Every structure is written in structure tokens, then in C-alpha cells.
Amino acid sequence: MRGARGQVMPKAHILYIEDNPDNRILVSRVLQAEGYTVTLANDGPSGLVAARQRRPDLVLMDINLPEVDGYAMTELFRATPGLNVIPIVALTANVMKGDRERSLAAGCSGYIQKPIDVDALPYQIADYLARTPSA
């Protein structure tokens, strides 16, 4: 990314909330290879704490989380001042009819199906970030 005066700008900070360690490793490696800073959380509550501390530019939210699912976590983010404007993208294996709509109704800004396409993921993330107005 380049700033107004042509200087190289750091890429965005992504928070990935995912309980599956293999998925966390894969997605974080793909995004870090593209220059993104990635913070990982293995459940919703720890993701909420990380979001409060780090203020990511985008949250990738697994829907099938233990204890508190991604729908409820998204609603909690949307109800939390300061976090309510951060785009949340559902990154989920829930691909049945109505799952995308349910994610969007919970407050997600977008939806990416698992298994991810490692070549397409950085472009998908860049697209969601480009849609987000600057603060």
C-alpha cells in the first residue's frame, strides 16, 4: 500500500478467531506472506479481548466456535463501542442454504467458505478492506 505521498504503508492488521489449529496456521501463513499482521485467537472470548487490545482492521470469524459461536460473537462485537465498526468476515464451513444470510444477519460484513482458496484469500481480504471507510 502507498500513502498520499507515495510512502509504503503497512498492510492491515487481521484478527483471526478460529478454534482449529490447522486452519489458524494455514490462514495466518497465507496472510503474513502477503504482508498482513495477524493476531490469532482460539475462541470468541479471547478474540474479543484481543480486539479490545489490538483494534484490528478486520476480523475473520469462524462460525463453529466452542462455547460461544461466531454468530453470537459477531453480535457481541456489534454491540461493543469501538469494535462495532470493525468489518467482520465469516470464514466458515457452514455452506448450507441460508448460512451466508444468517452470517450477514448476525452482523458480518462478508462471508468466505472453507476450505479456503489460498490463492484467492489475500484478494478477498483486500476487497473487504477496500470497502471499509477509513476512520
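The values are calculated or read from the model by the stated rules, or taken from the named source; none is laboratory data. In this text the structure is predicted, and so the values were computed from the model without any measurement. Reconstructed Cβ throughout: ideal geometry from the backbone, glycine too, with neighbour counts over all protein chains shown. For accessibility, only protein heavy atoms count, side chains too; no ligands or nucleic acids. Shrake-Rupley method; radii C 1.70, N 1.55, O 1.52, S 1.80 Å.
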Using a Gaussian network for the chain with springs between C-alpha atoms less than 10 Å apart, which of these wobbles most: Ser28, Ser103, Ser46? Ser46
Compute the signed sum of charges (Lys and Arg +1, Asp and Glu -1) over the other residues within less than 15 Å, Cβ to Cβ, of Ile116. -4
Per-pair calculated FRET efficiency, R0 = 22 Å: Ala105 and Asn84 via Cβ, rounded to 0.05: 0.90
Computed ³J(HN,Hα) along region 88-96: with the Karplus parameters 6.51/-1.76/1.60, θ = phi - 60°, integer Hz and x for glycine or proline, the list is 10, 10, 5, 10, 8, 8, 6, 10, 7
Report the label-to-label distance for Ser46 and Asn64 in nanometres (one decimal), using points 7 Å from each Cα along the Cα→Cβ vector. 2.0 nm
Output the 0 to 90 degree angle, nearest 10, between the alpha-carbon long axis of helix 121-130 and the longest principal axis computed from the alpha carbons of the chain. 80 degrees
Using DSSP to define loop residues, name the trypsin sites (Lys or Arg not before Pro) in region 66-135 whose beta-carbon has at most 10 other beta-carbon atoms within 10 Å. Lys97, Arg131
In debye to the nearest 20, the charge dipole size for the chain, taken about the Cα centre with +1 at each Lys and Arg Cβ and -1 at each Asp and Glu Cβ, equals 600 debye
Just need the relative contact order of region 44-135 here, percent rounded to a whole number, with Cα pairs under 8 Å and 6+ apart. 26 percent
Residues meeting the amide H criterion for Leu91 (H placed from the backbone, H to H distance under 5 Å, 5 or more places apart or on another chain) are Met61, Asp62, Ile63, Ile112
Output the antiparallel fraction of DSSP beta bridges having both residues in the chain, as a percent to the nearest 5. 5 percent
If one takes the longest principal axis of the Cα atoms in the chain, at what angle in degrees, from 0 to 90 and to the nearest 10, does the Cα axis of helix 44-54 lie? 20 degrees
Which cross-chain or sequence-distant (5 or more) residues have an amide H under 5 Å from the amide H of Thr39, H modelled 1.01 Å from N in plane? Ile14, Leu15, Tyr16
Note on region 50-100: contact order normalised by length, alpha-carbon pairs under 8 Å, 6 or more apart, percent, works out to 45 percent
Please list 3J(HN,Hα) in residue order for region 66-73, calculated via the Karplus relation 6.51 cos²θ - 1.76 cosθ + 1.60 where θ = phi - 60°; whole Hz, with x for glycine and proline. x, 6, 10, 6, x, 5, 5, 5
Accessible surface, the chain, averaged per residue in Å² (probe 1.4 Å): 55 Å²
